[in-house]
Ligand SMILES: Nc1ncnc2c1ncn2[C@@H]1O[C@H](COP(=O)(O)OP(=O)(O)OP(=O)(O)O)[C@@H](O)[C@H]1O
Ligand SMILES: [Mg+2]
């Protein structure tokens with residue numbers, strides 16, 4: 001793989017905290033990864049490791065108590081964490097689609113399947129409006145983004161201040177002196193925030209004013225252009241209508257008249273299609289997509305309700321809905337956990353097929369490393385809010401380096417015996433007080449003293465393979481991976497790995 005693939009999404013140094021009654025929960029801690037065009041990146045980790053929070057941040061659907069404390073998410077040269085709602089609306093569900101774990105919660109139980117698939121298409125059915133929006137889009141987004149950047153900058157600082165205040169309040173056993181010092185610090189931080197807010201507003205409002213004036217001009221021009229287009233197609237239709245009507249009055253036989261009447265209908269349909277996406281067109285597209293995701297008898301299924309579908313079929317519908325917008329990136333958050341094993345395999349196969357046919361880039365989230373083998377180009381292993389190992393699929397499966405990756409590999413049910421070889425001992429840590437050093441140390445029989453004190457850096461194993469474990473430090477004793485893992489690797493290599 002010598003050729004350089006294009007990065008479609010780049011997550012850098014992402015830090016997400018949640019304000020909770022018990023303190024600040026550190027859900028995502030300095031996560032970075034790249035998604036390449038046409039590839040699948042699998043994010044693997046136990047429950048609570050921060051997988052969903054990461055994907056929700058990309059989709060811009062974090063809960064209200066979330067604090068984006070640091071980092072950026074670059075998509076087409078823009079930081080998704082700083083763009084306005086207007087632009088996000090164009091991206092979320094359109095350029096970047098998402099499939100969730102439970103298909104039932106993403107479908108409306110009392111609306112027929114066909115309607116749910118066509119709904120999104122028909123929301124944007126007014127082609128004149130779409131044309132107008134496209135014409136003003138760049139200027140509108142520039143203006144709105146400026147305001148959004150200003151508001152985000154201010155609210156991020158405000159949230160940091162709030163977090164500091166609540167953390168200070170939660171501190172126990174402070175002496176009077178410490179209290180006074182804390183109070184002074186908070187007072188100072190409040191003053192700094194006020195100054196920051198004032199400066200930020202001044203800075204951005206100047207630019208925003210300028211962009212607003214440009215936008216107003218563009219809006220005027222766009223209105224004219226759309227009106228001209230509408231006048232033109234209507235004019236053309238009228239001319240055509242007059243021509244056919246002329247022929248109709250001259251026609252003598254019934255066949256001739258019927259043919260001309262049909263032509264008249266077609267001309268009207270043609271005009272409708274130029275002005276909006278008609279219901280008929282939406283239905284035609286919906287049936288095509290239903291076929292693409294493997295729904296048998298789509299015509300009949302179109303008029304059924306979700307409860308008339310099996311779990312696997314419902315998940316296919318959810319995938320169909322995500323596809324109606326022709327996304328470039330598809331995020332699948334544990335899309336098969338609610339399904340039984342055979343159906344799970346079928347859905348995975350479907351996702352792989354769609355990905356290849358549409359040249360999609362996928363982020364596939366799962367807690368089961370076994371699922372990953374046939375899907376992933378690259379794998380990010382997450383533990384306690386961090387990526388602890390990152391590499392190509394081959395590197396993770398054949399040269400794993402982090403004890404947590406070993407543990408995950410040991411816990412995959414064996415393909416032949418189907419037995420689960422080794423459960424991971426212990427439980428994931430409390431993320432309000434994440435452990436110092438390597439968070440996995442307490443559950444790992446390979447832990448060294450340093451693992452409890454200092455956080456391991458990322459050791460580079462190849463251009464594509466990184467792992468954060470002190471075992472890779474040159475001073476560390478040589479440790480072999482668990483026998484179960486090495487045997488499995490040996491077996492799969494001997495068995496002629498595909
Ligand atoms: N709104 C919230 N408020 C407080 N804590 C939250 C919130 N959302 C998520 N968390 C916490 O963030 C951490 C990461 O959660 P996340 O949902 O990303 O886990 P996950 O890896 O997707 O796990 P699972 O496999 O169970 O889906 C967890 O400790 C979770 O409890
Ligand atoms: Mg999750």
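Results, tabulated for the structure shown:
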{"item": "Length-normalised contact order of the chain in % [C-alpha pairs under 8 Å, at least 6 apart]", "result": "23"}
{"item": "With Cα atoms, 0 to 90° folded angle of helix 176-250 axis to the chain main axis", "result": "20"}
{"item": "The range 122-166 shape via C-alpha gyration tensor axes, a/c threshold 1.5", "result": "oblate"}
{"item": "Overall form of the range 355-407 per C-alpha gyration tensor (a/c, 1.5; a/b vs b/c)", "result": "prolate"}
{"item": "Most to least packed among 461-471, 42-52 [average Cβ atoms within 10 Å]", "result": "42-52, 461-471"}
{"item": "Packing rank of 57-63, 107-113, where each peptide gets the mean count of other beta carbons within 10 Å, highest leading", "result": "57-63, 107-113"}
{"item": "Fraction of beta bridges assigned by DSSP in the chain that are antiparallel (%, nearest 5)", "result": "65"}
{"item": "Within the range 137-174: backbone nitrogen closer than 19 Å to the residue 205 label point (7 Å, Cα to C-beta)", "result": "143-158"}
{"item": "Simple label model, 7 Å out from Cα along Cβ direction - residue 137 to residue 460, nm", "result": "3.8"}
{"item": "Where a label projected 7 Å from the Cα of residue 157 along Cα→Cβ would reach, residues of the range 185-199 with amide N under 13 Å", "result": "189-199"}
{"item": "Span per principal axis, largest first, for the Cα atoms of the range 1-133 (Å)", "result": "46, 45, 30"}
{"item": "Value of relative contact order over the range 324-400, rounded to a whole percent, pairs C-alpha under 8 Å and six or more apart", "result": "26"}
{"item": "Full-stretch length increase - residue 212, residue 115 - with 0.36 nm per residue and alpha-carbon distance subtracted", "result": "31.1 nm"}
{"item": "FRET efficiency, residue 183 to residue 427 (Cβ-Cβ, R0 41 Å, nearest 0.05)", "result": "0.60"}
{"item": "Overall form of the chain per C-alpha gyration tensor (a/c, 1.5; a/b vs b/c)", "result": "oblate"}
{"item": "Degrees, to the nearest 10: 483-494 long Cα axis against longest axis of the chain", "result": "50"}
{"item": "Over the chain: helical MRE at 222 nm, DSSP H runs n ≥ 4 each giving -39500 (n - 2.57), nearest 500", "result": "-17000 deg cm²/dmol"}
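Throughout, read-outs are computed from the coordinates displayed, never taken from laboratory work. Keep in mind that what you see is a predicted model, and the values were worked out from it rather than measured. For neighbour counting, all protein chains shown are included, and Cβ atoms are generated from backbone atoms with ideal geometry for every residue, glycine included.
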